[in-house]
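Data first, discussion second: the structure below is written as structure tokens.
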Amino acid sequence: MLTCEICGEDIMLEEDMRTHVLLSHLENDMHCPLCPLSGVSYDELCFHISSAHPEKQRGAQHPARFASTSGRSAGMGSKKPQTPQSCPAGDGCDAAPTGASRVTRDSVRPKPNSTPGSGGSSTGEAAPVTSTLTAWSPKTRQESVRHCVEDKDGLKAKHSEAKQKRRSSPGEEKLFSCPMCALVCSSCFILQEHVELHLQEQRAAEGEKRFECPMCSVVCSDSVSLQEHVELHLDHGAAGNSAGSPGSDLKLARQLQQEEEQRRRLEEDQQEREEFKKLQRQFGLDGSGGYSRQMERTMERDVARGLMAPTEFHCKRAEMMESLASGVDDGRTRTQGVVRALYEYYQTECKDSVHVWLSADTDHYCSSAGDKSWGCGYRNLQMLLSSLHTTDAYAPLLQEKAVPSIPRVQSMIEEAWRAGLDPHGASHFNQRLHGTRAWIGATEIYALLTSLGISARIIDFHKPTGPGDTHPRLFEWVKQYFKSGRSSRLPPRLIHTSLPPLYLQHQGHSRSIVGMEQKKNGSLCLLLLDPGISASDTRRLLSRDTVSPAVRQVRKFAGSLKHKQYQVVAVHGVMSAEEKRISILNSRTLCAERIP
């Protein structure tokens, strides 16, 4: 690599350095050796000699050998520096020059070990010259000067054209443009350093950016590595196909789509299993124990909190086990005489009622610690059985002489399933209720009553029939049910029938209908016993001082029943053996009476 000491530009070859020095630093100092013309370029001087001195061109050398610097003029015999367009013979133009200087090419072109302008001498003097040209006459010199002046404009035009040609020529000067910005460099090495600065800035800006492979779990540090890694994937995928097969990308896309669908199905299955487990826990089918286990856990928590003494815990646990073994409810949550208390209340109070219908005597059973949040269906069934025990027509059909406990009720429903009743419902519970916290509804009540030989109906009020999502058809049906019973020897305003209460089921809860009240304005009101109401609140109906506010919890107008669907189980007689067999067969596809 050579460096020009005049301008500092780097040149690769020695030949290019010589051309650079000649064109960039010496062409403005060129002068004609045959006439006073000076201060022209290399191209202008060539054109001048070939046109103005054709007769001297044979004896003269190349025009590039002549320069007008002080050192070179001294080598030609001149004692003082020349100015542009000055005569080399002296101050006067009449005197002919005593001789002309012949300068060799090596005297102008820098030697390899010398600097431009030094002439190869350590003192800065010009190299020796040889005089070869003859003297001029004044006439010849004047004609040459006149011819040069006339061609001055043409020389300048030629000079400009030559410079433009050198600039546009790709071989003379190469420019390197940065691909990342608008910078133009004259050297490829400078461009390389500049681009490396760009790359360093990009890496610093990216920081800790990570690039994940879309086809596997590999994480790359930069985009180039990621691209190479993905190309390896594609190469391996194409290895199983023929070289350059156009279907390789399609097969890879299909494979990725299948993997995505399989992953999605696995996620959906996992979510479905989790939701099913939640439903199992909600409906008591998760195998966490039934009535007795929940009662024990509740008493254990009370002991841990200091609410129950250990001795009391063991006593209550022994009583519970004894009651469960007998199959009879212990009566701790039972409230007797509720319907009788309502009858007495309507005899003396509530004068705005036109008609009041009451069911047969029914005991109220509320939820306990052993069945809290899941035992409402069992408690309503106990209310219904307590009423059937008081009716002569149904009492002989009941297996138990008293109201059974919740575990016993579960066993009775399982026996009904084994007899062939409601096989679809049995499969829903996996043929097992005992020892679980499973909820029951209208179909399980129907199966138990049918197994006992008691005729029952399921009426389905599957959609609202009144404004504001109310069910006036439900209220009207209940009114017709109580009106069909035999009335006792009482005033017509208050009718105490011998009909069993109605089992009322809706989403998430169930209650028992023990009466119907009709106001003077024609509005109807259901009288409901709710197992969610505690025994202490229900016993307020038994006191004259607290009966009025307690009745408000029993009354339910149409605006209070706004669930989308309601089901009612009604008892309406005793079945014969043949009717029972037919009912068992029909229960394989159990259907309810839909209203409307």
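The values are calculated or read from the model by the stated rules, or taken from the named source; none is laboratory data. Remember, predicted model here, so these are calculated numbers, not experimental data. Here the Cβ is made from the backbone with ideal geometry for all residues, glycine too, and neighbour counts use every protein chain on show. SASA here: full protein model, heavy atoms, side chains in, ligands and nucleic acids out. Shrake-Rupley method; radii C 1.70, N 1.55, O 1.52, S 1.80 Å.
Would you please classify the overall shape of region 269-374 from the alpha carbon gyration tensor, given that a ≥ b ≥ c denote the square roots of the eigenvalues, rounded means a/c under 1.5, and beyond that prolate means a/b larger than b/c while oblate covers the rest? Mind showing how you got there, number by number?
Numbers: a/c = 2.77, a/b = 1.52, b/c = 1.83.
Because a/c hits 1.5 or more and a/b fails to exceed b/c, region 269-374 counts as oblate.
Accessible surface for region 460-596, divided over its residues, is 52 Å² per residue with a 1.4 Å probe. Amide H contacts of GLY515: SER359, LEU527, each under 5 Å away and 5 or more positions distant or on a separate chain (H built 1.01 Å from N in the peptide plane; Pro and chain starts excluded).
For region 434-542, what does the alpha-carbon gyration tensor say about shape, rounded, prolate or oblate, given a ≥ b ≥ c as the root eigenvalues, a/c under 1.5 as rounded, and a/b over b/c as prolate? Here region 434-542 falls in the rounded category.
Taking the mean number of other Cβ atoms within 10 Å as a proxy for protection, how do you rank 302-310, 12-20 from highest to lowest?
Values: 302-310: 11.0, 12-20: 13.8.
The packing order, highest mean first, is 12-20, 302-310.
Take the alpha carbon gyration tensor of region 248-331, find the square roots of its eigenvalues, order them as a ≥ b ≥ c, and report rounded if a/c is under 1.5; if not, report prolate when a/b exceeds b/c, else oblate. Verdict is prolate for region 248-331.
Rank by packing, highest mean first: peptides 351-363, 501-513, 456-468, with packing defined as the count of other Cβ atoms within 10 Å averaged across residues. Numbers along the way, then the final one.
Working: 351-363: 19.1, 501-513: 21.4, 456-468: 15.9.
Ranking the peptides 351-363, 501-513, 456-468 by packing returns 501-513, 351-363, 456-468.
What ranking, highest mean first, results for peptides 585-594, 337-346, 405-414 when packing means the other Cβ atoms within 10 Å averaged over each residue?
Values: 585-594: 13.1, 337-346: 19.9, 405-414: 22.5.
Per-residue mean Cβ counts within 10 Å order the peptides as 405-414, 337-346, 585-594.
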